[in-house]
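Report on one structure; see the data block that follows.
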Amino acid sequence: MAMHKSSSGSALGPGGLDLTQAFFKSVMNAAPSSPTKRHTKISIVGAGNVGMAIAQTILTQDLTDELVLVDAIPDKLRGEMLDLQHAAAFLPRTRIQASTDYSVTAGSDLCIVTAGARQIHGESRLNLLQRNVTLFHKIIPPLVRYSPDTILLIVSNPVDVLTYVAWKLSGFPSNRVIGSGTNLDSSRFRFLIADHLDVNAQDVQAFIVGEHGDSSVALWSSISVGGVPVLSFLEKQEITYEKEMLENIHKEVTESAYEVISLKGYTSWAIGYSVANLARSILRDQRRVHPVSVLAKGFYDIDGEVFLSLPAQLGRGGVLGVTNVHLTEEEKHRLMNSATTILQVQNQLTI
């Protein structure tokens with residue numbers, strides 16, 4: 001069921017009279033619009049709390065010329081589309097479309113997948129994951145068919161395993177399949193460190209890597225504030241710190257999503273900003289480094305085909321490269337354990 005707007009917003013009246021010519025007169029000796037003019041299109045699959053928070057943030061940050069919403073529930077989908085369209089006077093000009101039919105996504109530069117099956121009471125994590133794999137069989141192939149040159153950005157959880165599933169189902173090169181990974185975890189991490197030191201979070205360089213989940217790894221050895229490496233600075237100044245304090249900050253990061261969910265029922269705004277941040281880096285070719293879920297085989301002695309978060313440079317081609325961050329032996333060991341945790345779940349799936 002298609003529900004997108006007509007291609008021309010200037011057609012009025014029963015005969016579809018086009019008023020553009022009446023309102024505007026061309027300047028003399030005008031040439032047609034340049035065929036090289038860049039038109040950016042983003043499609044979001046899943047119009048739930050997360051999908052709509054991403055859509056709203058993308059719109060307010062003026063990241064695309066065309067925004068498409070796809071969902072399986074037509075009434076909710078149409079309602080969300082209309083609600084966004086009615087804000088047109090307050091937003092940068094963006095064409096907003098919505099449909100249950102994936103053909104509306106044709107020619108997308110970036111496809112963001114937030115859709116996921118809801119957990120049934122008493123259902124095992126593995127069974128839920130298998131249902132999500134079945135759902136991805138209905139989502140990924142049509143996205144690929146209609147936008148063969150797109151970049152896939154997976155947000156659905158568990159994000160690392162589902163990014164691997166999307167990669168397998170798409171047949172895309174690995175640089176064009178990315179998971180939102182620990183980009184948000186790292187933002188929470190930077191906020192907590194900034195809060196402890198009473199500085200701006202933007203001046204804190206800190207990464208959480210590995211699984212977006214309980215086995216994630218905090219890279220304490222490479223944290224810097226205003227360009228100053230924190231742990232080596234403390235050691236040089238002979239300032240003692242408790243390792244337990246560091247562990248508690250990391251624990252607070254891993255538990256923060258659960259706290260938000262227990263308080264308001266879901267997370268939305270932070271992941272909305274996080275994914276819009278990734279979309280900006282990709283579509284605007286910013287070449288910024290983000291901790292996102294990428295194919296990790298060949299990095300830090302990881303041998304299996306597993307997606308997990310590593311600091312990666314993102315641009316118009318997707319993943320442009322992985323930053324060669326030095327890890328301590330303990331950090332490398334924890335990252336290997338994180339990869340093993342993901343692989344154990346992955347190996348039980350039928351794709």
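Here residue 218 meets each of (1) under 19 Å from residue 337 (Cβ atoms); (2) touching a residue at least 60 places away in the same chain (Cβ under 8 Å); (3) aliphatic (A, V, I, L, M) with one exception, condition (2). Looking at the stretch 302-327, which of its residues are among the aliphatic types (A, V, I, L, M) and open to solvent by 30 Å² or more (accessible area, probe 1.4 Å)? Matches in the stretch 302-327: 320, 322.
Of 214, 185, which residue is open to solvent by less than 20 Å² (accessible area, probe 1.4 Å), among the charged types (D, E, K, R) and out of contact with any Cys (no Cβ under 7 Å at 6 or more places or on another chain)?
Working: 214 fails: open to solvent by less than 20 Å² (accessible area, probe 1.4 Å).
Residue meeting the stated conditions: 185.
In the stretch 290-329, which residue that is touching a residue at least 60 places away in the same chain (Cβ under 8 Å) and out of contact with any Ser or Thr (no Cβ under 8 Å at 6 or more places or on another chain) is nearest to residue 275 (Cα to Cα)? The extreme case among them is 318. The residue pairs whose first member lies in the stretch 88-106 and is under 15 Å from residue 39 (Cα atoms), whose second member is open to solvent by 50 Å² or more (accessible area, probe 1.4 Å) and of a type in the set (Ser, Thr, Tyr), and whose beta carbons are closer than 7 Å, counting only pairs six or more residues apart or on different chains, are 105/146; 106/146. Could you list, in sequence order, all residues of the stretch 195-213 that are among the small types (Gly, Ala, Ser) and either free of Cβ contacts under 8 Å to residues at least 12 places away in the same chain or not in a loop (DSSP other than H, G, I, E, B) (or both)? Those that are among the small types (Gly, Ala, Ser) and either free of Cβ contacts under 8 Å to residues at least 12 places away in the same chain or not in a loop (DSSP other than H, G, I, E, B) (or both): 201, 210. So how many residues does the stretch 129-142 have that are under 20 Å from residue 49 (Cβ atoms) and either open to solvent by less than 10 Å² (accessible area, probe 1.4 Å) or touching an Asp or Glu at 6+ places or on another chain (Cβ under 8 Å) (or both)? Final tally of qualifying residues: 3.
Screening the stretch 284-308 for residues that are touching a strand residue (DSSP E or B) at 6+ places or on another chain (Cβ under 7 Å) and hydrophobic (A, V, I, L, M, F, W, C) and picking the one that is nearest to residue 183 (Cα to Cα) gives 292.
When residue 333 is tested against (1) in a loop (DSSP other than H, G, I, E, B); (2) open to solvent by 80 Å² or more (accessible area, probe 1.4 Å), just one condition goes unmet, and that condition is (1). Screening residue 126 on (1) touching a strand residue (DSSP E or B) at 6+ places or on another chain (Cβ under 7 Å); (2) modelled with pLDDT under 95; (3) not basic (Lys, Arg) shows it passes everything except condition (1).
Among the conditions (1) in the same structural domain as residue 70 (by the TED database); (2) modelled with pLDDT under 75, the only one that residue 52 does not satisfy is (2).
Scan the stretch 107-128 and give yes if some residue there is under 17 Å from residue 69 (Cα atoms) and surrounded by fewer than 16 Cβ atoms within 10 Å (Cβ to Cβ), otherwise no. Looking through the stretch 107-128, at least one residue is under 17 Å from residue 69 (Cα atoms) and surrounded by fewer than 16 Cβ atoms within 10 Å (Cβ to Cβ). Entry remark, the stretch 143-167: residues being surrounded by fewer than 17 Cβ atoms within 10 Å (Cβ to Cβ) and assigned to a helix (DSSP H, G or I) number 1 in total.
Please verify whether residue 80 is of a type in the set (Asp, Glu) and assigned to a helix (DSSP H, G or I), treating the condition exactly as stated. For residue 80, the condition - of a type in the set (Asp, Glu) and assigned to a helix (DSSP H, G or I) - is met. Any idea which residue in the stretch 171-207 is farthest from the chain's Cα centre (by Cα), counting only those that are within 30 Å of residue 144 (Cβ to Cβ) and of a type in the set (A, V, I, L, M)? Looking at residues that are within 30 Å of residue 144 (Cβ to Cβ) and of a type in the set (A, V, I, L, M), I get 177.
The values are calculated or read from the model by the stated rules, or taken from the named source; none is laboratory data. What you see is a predicted model; the values in this text were computed from it and never measured. Backbone-built Cβ (ideal geometry, glycine too); neighbour counts: all protein chains shown. Keep in mind that these areas ignore ligands, DNA and RNA; they rest on the heavy atoms of the full protein, side chains included. Shrake-Rupley method; radii C 1.70, N 1.55, O 1.52, S 1.80 Å.
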